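Since the structure comes first, as structure tokens, the remarks are kept for the end.
The values are calculated or read from the model by the stated rules, or taken from the named source; none is laboratory data. Quick caveat, the model's predicted, so the values are computed rather than measured. In this analysis, Cβ positions are derived from the backbone assuming ideal geometry, glycine residues included, and neighbour counts consider all displayed protein chains.
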Amino acid sequence: MYKPIFHYTDRIVNHLTFIAEAKPIIINAPLIPNWEVSLRKAAFLNSAHSSTAIEGNPLTFEDVTALAEGHEIMVKRQDRQEVLNYFESLDKIPYFASKVPFTVEDLLKVHKIITKNILEDNEDEGIFRNRQVVVGNPVTREVIFRPPETVEVPELIKTFLEWLNSPETENLNPIIVSGLTHYELVRIHPFIDGNGRTARIMAMAVLYKRGYDLKRFYALDNYYNMDRSSYYAALKTVNPDSLDQTLWLEYFTKGVAVSIKSVKDKVLGLSKDVKFLEKKGQIPLNDRQMKIVEKIIENGKIANKDVREMFNLSHSTAFDELQKLLELEVVEIKGKGRSTHYVLIT
């Protein structure tokens, strides 16, 4: 069976401690349902854009957003399809996380979704590679490392999945299991193409299965894409002879910590001392009203003029939106005349 090699360092422990402390804050934060939808959508779009960008896809975040909304955009068919495939793989994370045990066939399905209609040869979709390849940086074309021989791939995947499905992993921190999964799939490089995307989807599936991203607010791919050279450098820290993954796990756990901190800061900002959240689920705020509340949280107050400028509205329409928030007991009026403004009821 596959046996991971690593040791806990102060950095890893500190990252894991921060993550463990932030997790319940995010899960238990009082958020109205529409805010949860907004956070999930942002994570979904950022993950799709970042993970495909790492592999050299040129689509901008705006392009990716347009595709998610069903719009037609003028881009290369393959670039478009690659993003759409990643959307589908993100959608299916809960499904793959539910597979017990997770089999070789399940892994092949993940790959087939990710590579559908984008490989030079469609027969390479959802099957292990049948020829030798090298792992390289798509931007610099630098060879990062040479993966195991093609004939070794089936057995390496088999033994890795035996470990992933074993009781041993239940005794390991889920973040560690996710990081080991990410690296080992990149190291084995079982497919002709799509290995990085498959590894990142699998890492997220591990987190989901173990209760670390049930609300799906995290966009781990963002961390890798912010500094791709550091991502590739971290992958190269694993000695090909010893396969000690300690330095890689320092990088990976930091990435999760950075991602979860971003989410924690957001949900704390949205839920801090806001009385109306006690009536969670009963506040029918529309998108415009949600943005007004977010702006008040950010600035402490808002005026009719601010609402008009935010949405290019008339004075009366902006007044109607603020009046609705007053009726819902979300905001209250402060000041008089030109100094009139609105604050959240706390």
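Would you call PHE87 aromatic (Phe, Trp, Tyr) and either part of a loop (DSSP other than H, G, I, E, B) or in contact with a Cys (Cβ under 8 Å, 6 or more places away or on another chain) (or both)?
no
Checking each residue in segment 183-232 for being closer than 21 Å to ASN171 by Cβ and part of a helix (DSSP H, G or I) picks out TYR183, GLU184, MET202, ALA203, ALA205, VAL206, LEU207, TYR208, LYS209. Evaluated against (1) hydrophobic (A, V, I, L, M, F, W, C); (2) under 30 Å from ASN222 (Cβ atoms); (3) touching a helix residue (DSSP H, G or I) at 6+ places or on another chain (Cβ under 6 Å), MET310 falls short on exactly one condition, (3). From the set of residues in segment 275-292 that are over 26 Å from LEU313 (Cα atoms) and surrounded by 13 or more Cβ atoms within 10 Å (Cβ to Cβ), which is modelled with the highest pLDDT? So, considering only residues that are over 26 Å from LEU313 (Cα atoms) and surrounded by 13 or more Cβ atoms within 10 Å (Cβ to Cβ), the one modelled with the highest pLDDT is LEU277. Would you say PHE96 is in the same structural domain as THR181 (by TED's automatic domain parsing), out of contact with any strand residue (DSSP E or B) (no Cβ under 6 Å at 6 or more places or on another chain) and either surrounded by fewer than 12 Cβ atoms within 10 Å (Cβ to Cβ) or in contact (Cβ under 8 Å) with a residue 24 or more places away in the chain (or both)? For PHE96, the condition - in the same structural domain as THR181 (by TED's automatic domain parsing), out of contact with any strand residue (DSSP E or B) (no Cβ under 6 Å at 6 or more places or on another chain) and either surrounded by fewer than 12 Cβ atoms within 10 Å (Cβ to Cβ) or in contact (Cβ under 8 Å) with a residue 24 or more places away in the chain (or both) - is met.
The set of residues in segment 186-223 being under 21 Å from GLU250 (Cα atoms), touching a residue at least 24 places away in the same chain (Cβ under 8 Å) and aliphatic (A, V, I, L, M) consists of VAL186, ILE188, ILE201, MET202, ALA203, MET204, ALA205, VAL206, LEU207, ALA219, LEU220.
Within segment 142-171, being under 26 Å from the mean Cα position of the chain (by Cα) and exposed (fewer than 13 other Cβ atoms within 10 Å of the Cβ) holds for GLU170, ASN171.
Of all residues in segment 75-91, none are modelled with pLDDT of 95 or more, farther than 15 Å from SER51 by Cα, in the same structural domain as ALA43 (by TED's automatic domain parsing) and within 21 Å of the chain's Cα centre (by Cα). Looking across segment 92-129 at every residue that is out of contact with any Lys or Arg (no Cβ under 9 Å at 6 or more places or on another chain) and part of a helix (DSSP H, G or I), the one that is farthest from GLU184 (Cα to Cα) is identified as GLU123.
Within the group VAL135, VAL139, which residue is under 23 Å from VAL83 (Cβ atoms), at pLDDT below 95 and either surrounded by 18 or more Cβ atoms within 10 Å (Cβ to Cβ) or in contact with a His (Cβ under 9 Å, 6 or more places away or on another chain) (or both)? Full working, then the answer.
Numbers: VAL139 fails: either surrounded by 18 or more Cβ atoms within 10 Å (Cβ to Cβ) or in contact with a His (Cβ under 9 Å, 6 or more places away or on another chain) (or both).
After ruling out the rest, the residue left standing is VAL135.
Select from segment 61-74 the residues that are charged (D, E, K, R) and either surrounded by 16 or more Cβ atoms within 10 Å (Cβ to Cβ) or outside any helix (DSSP H, G or I) (or both) and write down the one among them that is modelled with the highest pLDDT. Going through the qualifying residues, I end up with ASP63. Would it be correct to say that HIS15 is closer than 26 Å to GLY179 by Cα, within 17 Å of the chain's Cα centre (by Cα) and part of a helix (DSSP H, G or I)? So HIS15 does not fit the description; no.
Consider THR140 carefully, then state whether it is out of contact with any Lys or Arg (no Cβ under 7 Å at 6 or more places or on another chain), in contact (Cβ under 8 Å) with a residue 24 or more places away in the chain and of a type in the set (Ser, Thr, Tyr). No, not satisfied. Check whether at least one residue in segment 244-265 is of a type in the set (A, V, I, L, M, F, W, C), touching a strand residue (DSSP E or B) at 6+ places or on another chain (Cβ under 9 Å), crowded, with 17+ Cβ neighbours inside 10 Å and over 15 Å from VAL331 (Cβ atoms), and report yes or no. No; the residues of segment 244-265 include none that is of a type in the set (A, V, I, L, M, F, W, C), touching a strand residue (DSSP E or B) at 6+ places or on another chain (Cβ under 9 Å), crowded, with 17+ Cβ neighbours inside 10 Å and over 15 Å from VAL331 (Cβ atoms).
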